[in-house]
Every structure is written in structure tokens, then in C-alpha cells.
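Following: one structure in C-alpha cells, then a few remarks.
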Amino acid sequence: MRITYFIGLLFLPFLISGQNLKPKLKEEVNKIDSIVSLTNRTEKNYSEGIAEGPIIYKSLLMKNGGWEAYYLYEKQNDNPPIRILYNEAGYKRYQKFEFYYQNRELIFAKLKVDFYRGKRKNKPIEKEYYYQNSKLLLETNSELKGYGEEYIKLTEKSIRQMIFQ
């Protein structure tokens, strides 16, 4: 009994300090979610742009695909805009990205991948990424390999280049 009490007493400071981080993180995530929700509710107040193009593979065995991007902006040359919705149909998968910005910084990204060939057929992946001051705050479903923060950042950068060329 004394040993259990002593061990509990030793870990009490760690438990208390760890619990202080969770409410702050939850508060920040809720704030970002409310910004995303507000953007989606008020999208009619902004201008919308559309860009699309082909995906041409070098291999003859792979079928070509395509991409499309819908973006909201206040001014004509806003880069980044307020929101980018990007869809890409590739050889084995269909990817849907959502990027939300505030004060010219990425605050939220969402990825949904539908596979239509291979082992993951009909098993979609969905991940969300929350950012604060251009740094990753939270990544949901983090056990999935190959779709981490670096993948999202590179994809977001290339999408913005394709749209604003």
C-alpha cells in the first residue's frame, strides 16, 4: 500500500503538468475548427478561382489522371488564398486535400485518400493537420506512413505553384 502511494506521489507532478497542455491544445484546435467552419459558411462572400490540368505518367502501363483546384480569395492575386480544395485522380488512388489559411499562414489541412486498386482498395484514409505559426500543432491518425507533415507541406507548396503560375 505504501509503495503504491509513494509511486503515485512521485508521478503526481508529471500528471499535473501533462494535463495543463491538453486544455491549451484543445482550445487551439477548437479555435482553428471555428475558423474553418466560418470560412465554409461565408464562402459566398469571397471570389472563387478554378484551375485544372492533366497528370501524365512517363510509363506506358499507367493510365493518365488529372487534377483540379478550387480556391477562395479576397483579392485577385492573394497567395495564399483563404481556402484551397484540391482533387487529384491518379493511377491507384483519388486524393482530396483541403487547405485553410489565416493571415497568409496555413492553419489547417485535411487529406482524404480513396484507393481503387491494390491492398487498400475501398479502405479510405482520412487525416487532419492543425498548424500554429507555421508549425504542426496536431496530426490525427498519425500511425499512417507516407502521409505525414512533410508530404502535406510539399503537396501544398506544389499546388500553390500550379494555381498561381
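The values are calculated or read from the model by the stated rules, or taken from the named source; none is laboratory data. Being a predicted model, the structure only gives us computed values, none of them experimental. Don't worry about glycine lacking a Cβ; one is built from the backbone with ideal geometry, like all the others, and counts go over all protein chains shown.
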Checklist entry - Looking at I32, is it surrounded by 13 or more Cβ atoms within 10 Å (Cβ to Cβ), assigned to a helix (DSSP H, G or I), at pLDDT 65 or above and touching a strand residue (DSSP E or B) at 6+ places or on another chain (Cβ under 6 Å)? => result yes
Checklist entry - Within region 68-111, how many residues are within 18 Å of K157 (Cβ to Cβ), at pLDDT below 90 and of a type in the set (F, W, Y)? => result 2
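So that you can scan it fast, the table gives a plain yes or no per residue for (1) over 21 Å from L25 (Cα atoms); (2) hydroxyl-bearing (S, T, Y); (3) surrounded by 18 or more Cβ atoms within 10 Å (Cβ to Cβ):
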| site | (1), (2), (3) |
| --- | --- |
| Y91 | yes, yes, no |
| F97 | yes, no, yes |
| R117 | yes, no, no |
| K123 | yes, no, no |
| E128 | no, no, yes |
| N133 | no, no, no |
| M162 | yes, no, no |
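Find the residue count for region 69-103, including only residues that are over 19 Å from E149 (Cβ atoms) and not small (G, A, S). Let's see the steps before the verdict.
Going through region 69-103, the residues over 19 Å from E149 (Cβ atoms) turn out to be 69-79, 81-83, 85, 87, 89-94, 103.
Within this subset, residues satisfying the condition of being not small (G, A, S) are 70-79, 81-83, 85, 87, 91-94, 103.
Of the residues in that region, 20 qualify.
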Checklist outcome for this item: By my count, strands (runs of 3 or more DSSP E) wholly in region 76-165 with at least 3 residues that are hydrophobic (A, V, I, L, M, F, W, C) are 83-89, 105-115, 135-139
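Give me a count of the residues in region 138-150 that are surrounded by 14 or more Cβ atoms within 10 Å (Cβ to Cβ) and not hydrophobic (A, V, I, L, M, F, W, C). Full working, then the answer.
Taking region 138-150 first, the residues surrounded by 14 or more Cβ atoms within 10 Å (Cβ to Cβ) are 138-139, 144, 147-149.
From what's left, not hydrophobic (A, V, I, L, M, F, W, C): 139, 147-149.
Residues meeting the conditions: 4.
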